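**Q** The structure is given below, and queries will be raised subsequently.
Just so it is clear, none of the values below were taken in a lab; they were calculated from the coordinates. Everything numeric here is computed off the predicted structure, so don't read it as measured data. Note that each Cβ is placed from the backbone with ideal geometry, even for glycine, and that neighbours are counted across all protein chains shown.
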Amino acid sequence: MTILVTGATGNAGGAVVQSLAAQGIPGRALIRSETSLPTGIEPAYGDLNRPDTFVDALAGVTGMFLLSGYDRLDELLTNAARAGVRKVVVLSSSSLDGEVTNAVAAYHHATEEAVRAAGLDWTFLRPNSFMSNTLRWLDQLRAGDEVRVQFPDVPVSTIHPRDIADVAVRSLQGSHNGEVLRLTGPVALTPVEQVAILGEGIGRKLTAYPMSRSETHDALFAAMPEPYAAAIESFFGDGTVDETSVNDTVAKVTGQPARTLQTWVRENAALFH
Ligand SMILES: NC(=O)c1ccc[n+]([C@@H]2O[C@H](COP(=O)([O-])OP(=O)(O)OC[C@H]3O[C@@H](n4cnc5c(N)ncnc54)[C@H](OP(=O)(O)O)[C@@H]3O)[C@@H](O)[C@H]2O)c1
């Protein structure tokens with residue numbers, strides 16, 4: 001059994017790679033440029049938007065951890081089925097709680113639908129925002145101890161990428177076929193509370209500056225294409241997605257409680273110095 005991990009250098013895929021290696025499960029990391037990988041994980045070079053670039057990488061693969069939103073997915077899934085892949089675990093998102101018409105939900109929905117139609121076993125993971133999104137404050141923290149936070153009044157139960165990975169690896173081993181797993185962290189925290197936990201964990205006295213709705217709007221639309229900015233504004237500004245509720249899916253699937261933000265900060269504190 002070999003697992004192909006897409007997005008293997010990223011927060012979620014990287015955690016899947018680490019989880020496979022820790023459990024001694026053979027893995028293959030789809031990467032675009034050379035990087036160091038843990039023992040037991042072999043590199044495979046390819047571009048997710050071009051399935052023709054990694055046909056050989058599918059040889060001997062039985063399960064695939066798949067990011068959403070890439071091109072020519074039907075071609076990738078046909079190649080996978082032909083190579084003997086039996087199970088696909090899709091990293092989808094909480095955005096599918098709401099309307100699928102917005103740009104973010106639309107690409108996750110399209111990926112889920114293509115996988116449903118491919119005739120392979122599947123599990124869809126729909127996590128809340130990742131704890132690793134804390135890294136979006138890095139630039140501000142290089143400049144000082146003040147962090148401007150968007151949607152300051154909206155508590156979110158962010159999830160540790162390692163919990164997503166642990167659920168993914170369980171699913172890749174054959175459980176939860178045909179299930180949609182909505183994944184949350186252990187507790188809902190406002191961005192102001194998240195900044196306080198970050199400050200405590202890295203030993204800095206940080207101050208969160210709550211951005212108004214119009215400041216948030218301007219920052220989002222300056223940072224990304226309009227359809228994505230509009231989607232995020234609707235999720236957290238208009239409440240079209242619920243990332244405040246907490247569920248126990250991580251604990252039920254992995255047998256361990258969902259990791260806390262304090263844990264994530266402790267593991268990543270060096271990045272903030
Ligand atoms: N962040 C959240 O809060 C959140 C919440 C729910 C769902 N999600 C979903 O989770 C996904 C992964 O998040 P993340 O934080 O792990 O992302 P990330 O850290 O930005 O990692 C993205 C990964 O995808 C790879 N990649 C990008 N384009 C590629 C291509 N054309 N071919 C091959 N590999 C490619 C990157 O490789 P390189 O190193 O080569 O760039 C990297 O390994 C998101 O894209 C989103 O769909 C995220």
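**Q** Can you tell me the length gained on complete extension of the stretch A110 to L271, counting 0.36 nm per residue apart and subtracting the Cα distance?
**A** 54.5 nm
**Q** In the chain, if the dipole is taken from +1 on Lys/Arg beta carbons and -1 on Asp/Glu beta carbons about the Cα centre, which of V61, A117, V241 is farthest to the positive end?
**A** Of the candidates, V61 comes out farthest on the positive side.
**Q** Please compute, for the alpha-carbon atoms of the chain, the extent along each of the three principal axes and give them in descending order in Å.
**A** 53, 39, 36
**Q** Can you list the residues, at least 5 places off or on another chain, whose amide H is less than 5 Å from the amide H of E179, using H built in the peptide plane?
**A** F124
**Q** Continuing with the same structure: Roughly speaking, what % of Cα-Cα pairs in the stretch 112-263 are separated by over 28 Å, rounded to a whole number?
**A** 29 percent
**Q** Sticking to Cα atoms, compute the Rg of the stretch 1-45 to one decimal and its Dmax as the biggest Cα-Cα distance, whole number, in Å.
**A** Rg then Dmax for the stretch 1-45, in Å: 8.9, 25.
**Q** While we're here: Can you compute the charge dipole magnitude of the chain about its Cα centre, using +1 on each Lys and Arg Cβ and -1 on each Asp and Glu Cβ, nothing else charged? Give it in debye, rounded to the nearest 20.
**A** Its charge dipole is roughly 780 debye.
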